[in-house]
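Report on one structure; see the data block that follows.
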Amino acid sequence: MTFRTRILVGFGVVVFVPLAVFGVRVRTEMASRLTAEYQQRVTTLAAVIRAHLTRDGAAIARRLDALTNAIAADNRFRAAALQGGDRTYLLDYAGGAMRFAGLSMLQIQDDQGRIVSSGHFRNEYDRLEPALPRALAAAQGGIALIRARTPEAPMLAIARLDSLRLAGRRFTLVGGIALDSSYLAALTPDSELVVAVRLPTDSVPAAASAAAVLSEVSLPFVLESDSGGVLRPARIVVSHSLGSVTALRRGVDVAFLAAVLLAGAIALLLGGWLSLRISRPLTALARKTAQIDMDRLDVAFDSERADEIGALNRLLGTMTERLRAGAANLREAERRIAMGDLARQVNHDIKNGLTPIRNVFRHFTETATTEPDRLTAVFRERQGTVEASISYLENLAGNYARLYPAPAREPCDVTQVIRETIGRLGANAAVELRADLADNLPLICADQLVLRRILENLVGNAVDSLEARPGTVTISAVAGAPTNGRPTVRITVADTGKGMTQVELDRAFDDFYSTKPGGTGLGLSIVRRLVLDANGVLRVETQPGAGSRFIVDLPGAAA
């Protein structure tokens, strides 16, 4: 996983995890608080309904008590009920009394359970229903829910029981008020709350109960026509639908998803921008660091950044300076070793040149001692040996004098030196020398003699690589990329010769290594040292059978 990918993943974790925890917590807390609020509301309404039922039960009791007092004082009712006279008055009495008392149902029975008068049906006269009074008498609190018949449709009513005695006979009054939609609507001021009556015979879907907050009020229930008079529990259920919570959750989910997408986009953009801000300079720093080697220590690590990356740049720049100083010390040590090797080689070469001269002079001494008259003849015979040895030593001295000229750091015109070198070497060369020089090349900071020596050795090696076959040696010069704010010049010596193998390339710059008969093996070694001393860089591109290209990058003179 790349550093940039890690940053993006880290930003995603930092943004999404807290956001997800926050969203889930808000969603849960919101649902919990709303559900608790709804539960409180339905519980409160259930308590209000209980109070209403108690109040209405007391109101029914008062009305029935008023009716019993009125019946007791009504001689016409007494005569009709006890003596059987004025039956029409008796049949209509319950209907008028029901409306006068504000009741929804009223039924008057005698002590045998026979209906004497009914508020809704005159034809119920003399009908036996003794179970209804018994059930109401057994109801806790004195009230119960009954299903009463009306001309329109059966209705549910909250009923109570009262009684009176007329001439030793007991008469029972069953009265109540309707528990209909109007009654329930009056109990529910909040439109979000629903009040419904659940009878024992009703079935409620489980899904309906699970999707709402419920509270209930129990009430005894008896059927008017139930001969057994058994009380069964009915419930007035108060519910608050959780549909609004579900819709709110859905809205929160949509808003949370939008927030997650927006936060994710912002996190990705910010993470991508930050990773680019970090990875780009690190990549550039890695690319610069990869260019460093013992032959390339002029890589600049300048940075004006005040952060850790700038500090790392400056640290690498300091390290490169130390490496450059160490490389200079190493070159000095190599130079001293090479000078030691060179001194030994000079000693050996001088001995080789002096040995024939010493032998000749020993011969001269022996001849002068034993045969003086032949000294002139012997001198003539050995004169060629002496001259050859002296010529050898002179050539040797000239060769060693050219190995390492003292450099002088001053502005140097590359174009002029290249043209002089081609003019000097081209007159005696058996191959074609070409020049490809760019216009307006900057001056370089190097000794003109050093540059000439570099070119002579490189061109000489290029000419030798052709092995007396037709070929071309091209010297080109172009302006290079600026380094440390200073211009550079790139000089390339290319030939169409035999090229070098990898083994030959690995040892090309070793001292005293040569593939040419009679070669000293010091040419490329000297070129390498001269280029390094001029703070330049030397590279070789070669392929067997395709020639070689020696590339020299030299720093320009300061403006």
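Projected label points at Gln39 and Leu261, each 7 Å from Cα along the beta carbon direction, are separated by 3.6 nanometres. Taking the Cα atoms only, what angle lies between the long axis of helix 87-101 and the longest principal axis of the chain, rounded to 10 degrees? Its long axis makes an angle of about 40 degrees.
Per-residue packing, averaged as other Cβ atoms within 10 Å, sorts the ranges 321-327, 547-553 into the order 547-553, 321-327, beginning with the highest. Can you tell me the FRET efficiency between Leu315 and Gln502 if r is taken as the Cβ-Cβ distance and R0 is 60 Å, rounded to the nearest 0.05? Rounded to the nearest 0.05, the efficiency is 0.95.
The slack in the chain from Val24 to Tyr89, taken as 0.36 nm per residue of separation less the alpha-carbon distance, amounts to 16.1 nm.
Compare the Cα positions of Tyr183, Ser244, Pro151 along the charge dipole of the chain (+1 at Cβ of Lys, Arg; -1 at Cβ of Asp, Glu; about the Cα centre) and return the one farthest towards the positive end. The residue sitting most towards the positive pole is Pro151. Within the shell defined by Cβ-Cβ distances under 12 Å, the residues around Val24 carry a net charge of +1, with Lys and Arg each +1 and Asp and Glu each -1. Between Ala79 and Ala31, the C-beta separation translates, for a Förster distance of 56 Å, into a calculated FRET efficiency of about 0.20. If R0 equals 35 Å, the separation of the Cβ atoms of Arg322 and Ala343 corresponds to a calculated FRET efficiency of about 0.65. Full extension of the chain segment joining Asp202 with Thr289 gains 22.7 nm, where the gain is 0.36 nm per residue of separation less the Cα-Cα distance. Dividing the mean sequence gap of close Cα pairs (under 8 Å, 6+ apart) by how many residues the chain holds gives a relative contact order of 10 percent. In plain terms, the chain from Phe16 to Phe121 could stretch by 30.5 nm, reckoned as 0.36 nm per residue minus the Cα-Cα distance. Dividing the helix sum by the residues of the chain, where each DSSP H run of 4 or more adds -39500 (n - 2.57), gives a mean residue ellipticity at 222 nm of -19000 deg cm²/dmol. Here the spin labels are modelled as points 7 Å beyond Cα on the Cα-Cβ line, and at Leu128 and Glu410 they lie 15.2 nm apart. By how many degrees, 0 to 90 and rounded to 10, does the Cα axis of helix 243-290 deviate from the longest principal axis of the chain? In the chain, helix 243-290 runs at an angle near 10 degrees to the longest axis. Residues in segment 57-62 carry Karplus couplings, in order, of x, 5, 5, 5, 4, 5 Hz; the curve used is 6.51 cos²θ - 1.76 cosθ + 1.60 with θ = phi - 60°, and Gly or Pro positions show x. Spin-label pair Asp307-Glu381: with each label point 7 Å from Cα along the Cα-Cβ axis, the two points sit 9.1 nm from one another.
Note the listed values (i) 85, 50, 47; (ii) 206, 48, 43; (iii) 77, 63, 49, then indicate which one is Cα extents along the principal axes in Å calculated from this particular structure. Step by step, Cα extents along the principal axes in Å for this structure corresponds to label (ii).
Every number in this text was worked out from the coordinates using simple rules, so none of it is lab data. As the structure is a prediction and not an experimental result, all values here were calculated from the model. For neighbour counting, all protein chains shown are included, and Cβ atoms are generated from backbone atoms with ideal geometry for every residue, glycine included.
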